[in-house]
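No value in this document is a laboratory result; all are computed from the given coordinates. Just so you know, these numbers come straight off a predicted model, no measurement behind them. Methodologically, a virtual Cβ is constructed for each residue, glycine included, from the backbone with ideal geometry; neighbour enumeration extends over all protein chains shown.
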Amino acid sequence: MDTQPNRLSLYLHRQADSIPRYIWEQTILFCFGWIPTIIGVGARAIIYRLILRMDGLVAIENGARIRFASNIRLGAGVYIDEGVYLHACPRGIEIGANTYVMHHAELHVYNFRALPHSGIRIGKNCLISEFNVLRGQGGITIGDNVYTAPLVQMLAVNHVYDDPTRPIIQQGITAQGIVIEDDCWIGAGAIILDGIRVGKGAVVAAGAVVTRDVAPHTLVGGVPAKFIKTIDGTVAPRTIPVYAGSET
Ligand SMILES: CC(C)(COP(=O)(O)OP(=O)(O)OC[C@H]1O[C@@H](n2cnc3c(N)ncnc32)[C@H](O)[C@@H]1OP(=O)(O)O)[C@@H](O)C(=O)NCCC(=O)NCCS
């Protein structure tokens, strides 16, 4: 049976790379993590360089929850909203320039088993929307200019469940990884499962569960997600207005 010290040690080792790092990171977060308004954003843009890597000016709102900060790298112009949870245990989290991570998104590497390919890498000019959950045990790689809608989940892990005589939690996991190529749009509530590659410029419709690779420039939707159409530039005349696209 676990002793209390073992549980304490387990807890601490799931918060930071070492005990001294835990104390250091938590001290910085405690002193500066709560400060609201532009004053707090400005203070964190300077002070958080002591605990994580920033390649330029980065905006981090108050109340962002950060663990294993030493494994986090943020590009210039990254925006981390309130309530975002970055848990960057070994192999870490990298977020490219000008990417926004919106409130209550959770990016959790979840590598507590020395997994070889874990990590979360997001390219530049992406939007990771509200309440997204990204679990990076097998590795999640997202290209540039990818937009996810609210409540998207990318789950780069599966439990092994073949043996009916043993609890599933004792049978191990598989973790192959997920790749979302450049210029994709993932609709609200979609779930991308482990081992999936979504090709460049593809669209995943709202509510889809993606169980097979998605070819570039196709629309898929449904549960399980099926091919709906190729995005080939053929556009039916629109009866509703289209507002300006992003300039970046
Ligand atoms: C896929 C989507 C973009 C519509 O694209 P569209 O090119 O206008 O497609 P259409 O509405 O013409 O639908 C084409 C076919 O796909 C089907 N379809 C559309 N959305 C679907 C969905 N979410 N799930 C399953 N099938 C869907 C339609 O029923 C239609 O099927 P049919 O040809 O058998 O009638 C839209 O339905 C969607 O899912 N949007 C995501 C919304 C969102 O997340 N917003 C947040 C923005 S960040």
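What the phi angles of segment 219-230 give under the Karplus curve with 6.51, -1.76 and 1.60, with θ = phi - 60°, is a coupling list of 9, 10, x, x, 10, x, 5, 10, 4, 10, 6, 8 Hz, glycine and proline written as x.
A protection proxy built from the mean count of other Cβ atoms within 10 Å ranks the segments 218-231, 71-84, 50-63, 125-138, most packed first, as 125-138, 71-84, 50-63, 218-231.
Please give me the summed charge of the neighbours of Ala16: other residues whose Cβ is under 10 Å from its Cβ, Lys and Arg +1, Asp and Glu -1.
Numbers: positive: Arg14, Arg21, Arg67; negative: Asp17, Glu25.
Every neighbour counted, the sum reads +1.
Compared with the alpha-carbon gap, the fully stretched path from Ser9 to Phe30 is longer by 5.5 nm at 0.36 nm per residue. Give, to the nearest whole percent, the P(r) tail of segment 92-212 beyond 21 angstrom, counting all Cα pairs. Result for the distance tail: 34 percent. In order along segment 201-215, the phi-based Karplus estimate (6.51 cos²θ - 1.76 cosθ + 1.60, θ = phi - 60°) of 3J(HN,Hα) comes to x, 7, 10, 10, 5, 4, x, 6, 10, 8, 10, 9, 4, 10, 5 Hz; Gly and Pro are listed as x.
Distances between placed amide hydrogens fall under 5 Å for Asn111 paired with Cys89, all partners being 5 or more residues away or on another chain.
Computing FRET efficiency as 1/(1 + (r/R0)^6) for Val242 and Gln171, where r is the C-beta to C-beta distance and R0 is 41 Å, gives about 0.25. Taking packing as the residue-averaged number of other Cβ atoms within 10 angstrom, the listed peptides 143-149, 7-13 run from highest to lowest as 143-149, 7-13. Ordering Val223, Phe131, Tyr161 by the projection of their Cα atoms onto the charge dipole of segment 10-226, which places +1 on the Cβ of Lys and Arg and -1 on the Cβ of Asp and Glu, puts Tyr161 at the extreme positive end. In the elastic network of the chain, a GNM with C-alpha springs shorter than 10 Å, the most mobile of Ala206, Ala236, Ala190 is Ala236.
Asp213 to Glu82: extension gain in nm, 0.36 nm per residue of separation minus the Cα-Cα distance?
Full extension of this stretch gives 43.9 nm more.
For Asp17 and Thr37, what is the calculated FRET efficiency with R₀ set at 30 Å and r taken between the beta-carbons, to the nearest 0.05?
Details: r = 31 Å, r/R0 = 1.04.
For R0 = 30 Å, the calculated efficiency reads 0.45.
Size descriptors for segment 10-226, from the alpha-carbon set: Rg then Dmax equal 17.5, 57 Å. By definition, a body whose alpha carbon gyration tensor gives a ≥ b ≥ c is prolate when a/c is 1.5 or more and a/b is larger than b/c, and segment 109-180 fits this prolate description.
Distance from the C-alpha centroid of segment 1-63 to that of segment 142-185: 26 Å, rounded to the whole angstrom.
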